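What follows is a single structure, written as structure tokens, with notes after it.
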Amino acid sequence: MEVSFDGMVYRLRASSPMPIATTGEFVLHTFMAEKSKVVMVACTDSLPDSSDFRGQGGDLVSASFSRLNVKGGDMFSGKKVYKPEYVEEDTIYG
């Protein structure tokens, strides 16, 4: 049994701000964005296997779970983050 909610996380990929000729002004050089699927798991009775992670044949980048305080102690809540997809910044909201 699993109760979960899917979402997306966006992270802008950018270099450090570079100063330009005008005093006190900077330009930010960006190069695409990372779009990652995130699954918030409210309640589950199973944890991800090692084979679910990137590098082991799966698509998970990270996962973090905590045991719920229920009788028997075999229920968990947490978050799974899947490998990112690279997208152009202007396609995030468009």
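The values are calculated or read from the model by the stated rules, or taken from the named source; none is laboratory data. If you're wondering where the values come from, they're calculated on a predicted model, not measured in any experiment. Reconstructed Cβ throughout: ideal geometry from the backbone, glycine too, with neighbour counts over all protein chains shown.
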Identify the residue in region 29-53 that is in contact with a Leu (Cβ under 9 Å, 6 or more places away or on another chain) and aliphatic (A, V, I, L, M) and, among all such residues, is surrounded by the most Cβ atoms within 10 Å (Cβ to Cβ).
ALA33
Using the structure shown, decide if LEU68 is under 15 Å from the mean Cα position of the chain (by Cα) and surrounded by 10 or more Cβ atoms within 10 Å (Cβ to Cβ).
no
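Rundown of residues vs (1) under 23 Å from ARG11 (Cα atoms); (2) under 18 Å from the mean Cα position of the chain (by Cα); (3) at pLDDT below 90, yes/no style:
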position	(1), (2), (3)
PHE31	yes, no, yes
VAL39	yes, yes, no
CYS43	no, no, no
PHE53	yes, yes, no
ASP59	yes, yes, no
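Being touching a strand residue (DSSP E or B) at 6+ places or on another chain (Cβ under 9 Å) and touching a residue at least 60 places away in the same chain (Cβ under 8 Å) is the requirement here; does LEU60 meet it? Give the derivation first.
On the way: touching a strand residue (DSSP E or B) at 6+ places or on another chain (Cβ under 9 Å): yes; touching a residue at least 60 places away in the same chain (Cβ under 8 Å): no.
Against the criterion (touching a strand residue (DSSP E or B) at 6+ places or on another chain (Cβ under 9 Å) and touching a residue at least 60 places away in the same chain (Cβ under 8 Å)), LEU60 does not qualify.
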